[in-house]
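Asks: Encoded as structure tokens, here's the structure I'll be asking about.
The values are calculated or read from the model by the stated rules, or taken from the named source; none is laboratory data. Worth saying up front: this structure is predicted, and the values here are computed from it rather than measured. Note that we place each Cβ from the backbone using ideal geometry, even for glycine, and neighbour counts take in every protein chain shown.
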Amino acid sequence: MEIIIHRGTKQIGGCVTEIRTEEARIFIDLGSELPDIYGNTPPETLSIDGVTQAGNDCDGVFFTHYHGDHIGMISLVMPHVPLYMGQATKEIHLTYQRRINRGHIPADDRIRTFEIGKEIHIKDLSVTPFLVDHSAYDAYMFLIKGHGMNILHTGDFRTHGFRGKAVIPMLKKHVGQVDVLIIEGTSLSNDRVHSIDEMQLQKEARKLLSSYKYVFVLCSSTNIDRIASFHEATPTGKYFLCDKYQKDIITIAKKYGEEYSPLYSFKKALVYGKNLKGKVEQSGFCMMVRSSGWFLDIMKNYRENHDPECLLIYSMWDGYLRQSVNGLQSLMDSFQHSIHLHTSGHATTDAIIDVCNTVRPKRAIIPIHTFNPTKLDALGLPFHIEYLADGQVFEVN
């Protein structure tokens, strides 16, 4: 077996991993590169034989989740290559594509969905998906087996979210020791210590929603757990509001998650419209917003007429605030009261250590999705760490 990290050994986002044998060739994620500090996305230059252009056949591309830095190149995949993703991931991805393409999405019968813990056989390889906690709902790790070797690809994960406590027990029960661990290391690029988990964030949100009558929340429309936090934190008597697109997204999460947790019931969620205008102004609300179009008009109206009673909560990565092109910081500054309330969707260094010590890789740890992979050295792990370059072939034997 061979592993090639086509992109992601020394950057966050744009991840592309290949695992191959003499018979089979699969990929995990085909991500677009993230914008730079100025908000500019570089033109796509990565081209892969058998995937984005003619060449050696690819037997399938597996997507860990629907974030653009993991799925953004999907439209470039040649028509004969099968695509695999979770059921909710597929629905959320297509709903998002429908919005950005003004209702039109290309028919794609290649997208096959998988089930948690069920093996998918691709010639002499098998791939088993395991659900993990991440800021994207329906995110997966993949266990790849072949020729007596086990490879675990973590995708993006964390253990400080609502479902984070299940990650380590899942690995102990269903994965065990592996030969190679390919692990995300986003937090290795950030020296700051995470001081808050998703539950603590929800408690802080509850205080803020009780203190301000009109609360606007700037949050990723697909960060389901964060939206659920604010939904649960909205006091009785106040409205929880969003637009139709956002309601469509959380309805998908409800479809797949409500039977497992009331967190995903979203019973109070309503689509804001003129029919509610007078009621919500009287009672107060928590409104999930985005920084464009219709929402800007609503926020402007409340800012001009009720600014002392308004609060704008920014609940995303603070790096976006430094990108002047999107105007987020200017929007924050336009309110009398605004606050940054966020926690990462990525594994802390403690979580990285826990996963490594749980699966005890016999052959190597390969860090990806990080600007500073060599910071793994400082964690004191008793395992060999293989620092690859993009495109380098690593033999698993």
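Asks: Part of a loop (DSSP other than H, G, I, E, B), among the β-branched types (Val, Ile, Thr) and either touching a Ser or Thr at 6+ places or on another chain (Cβ under 9 Å) or surrounded by fewer than 14 Cβ atoms within 10 Å (Cβ to Cβ) (or both): does that describe residue 113?
Replies: Numbers: part of a loop (DSSP other than H, G, I, E, B): no; among the β-branched types (Val, Ile, Thr): yes; either touching a Ser or Thr at 6+ places or on another chain (Cβ under 9 Å) or surrounded by fewer than 14 Cβ atoms within 10 Å (Cβ to Cβ) (or both): yes.
Taking the combined requirement at face value, the residue does not satisfy it.
Asks: Here is a check on your reading of the model: is residue 87 surrounded by fewer than 15 Cβ atoms within 10 Å (Cβ to Cβ) and among the polar types (S, T, N, Q)? Explain how you work it out, then say what you get.
Replies: Numbers: surrounded by fewer than 15 Cβ atoms within 10 Å (Cβ to Cβ): no; among the polar types (S, T, N, Q): yes.
When the stated conditions are applied, residue 87 does not pass them.
Asks: I'm checking my understanding of the structure. Among residues of segment 269-299 that are at pLDDT below 95 and among the basic types (Lys, Arg), which one is farthest from residue 239 (Cα to Cα)?
Replies: Across segment 269-299, the extreme among qualifying residues is 290.
Asks: So, one more: Specify the residue that is farthest from the chain's Cα centre (by Cα); the eligible residues are those in segment 214-233 that are of a type in the set (Ser, Thr, Tyr) and over 20 Å from residue 308 (Cβ atoms). Lay out the reasoning, then the answer.
Replies: Taking segment 214-233 as the starting set, the residues that turn out to be of a type in the set (Ser, Thr, Tyr) are 214, 220-222, 229.
Now narrow it down to the ones that are over 20 Å from residue 308 (Cβ atoms): 220-222, 229.
Working: 220: 10, 221: 11, 222: 8, 229: 16 Å.
Top of the filtered list is 229.
Asks: Where residues in segment 81-110 are at pLDDT 90 or above and in a loop (DSSP other than H, G, I, E, B), which of them is nearest to the chain's Cα centre (by Cα)?
Replies: 82
Asks: Moving on to the next point. Can you tell me how many residues within segment 169-194 are among the basic types (Lys, Arg) and modelled with pLDDT of 95 or more?
Replies: 2
Asks: Which pairs do you get when a residue that is under 21 Å from residue 211 (Cα atoms), found in segment 338-349, comes within reach of a residue that is part of a strand (DSSP E or B) and not hydrophobic (A, V, I, L, M, F, W, C), reach meaning Cβ atoms under 8 angstrom, with the pair 6+ apart or on two chains?
Replies: These pairs meet every condition: 338/314; 339/314; 340/314; 340/315; 341/314; 341/315; 342/314; 342/315.
Asks: Would you tally the residues in segment 137-149 being modelled with pLDDT of 95 or more and either buried (at least 21 other Cβ atoms within 10 Å of the Cβ) or outside the structural domain of residue 61 (by TED's automatic domain parsing) (or both)?
Replies: Number of matching residues: 8.
Asks: Sticking with this structure for a sec: List the residue pairs whose Cβ atoms are under 8 Å apart, where the first residue sits in segment 129-158 and is within 14 Å of residue 29 (Cα to Cα), the second is among the basic types (Lys, Arg), and the two are 6 or more positions apart or on different chains.
Replies: Final answer for the pair search is 129/118.
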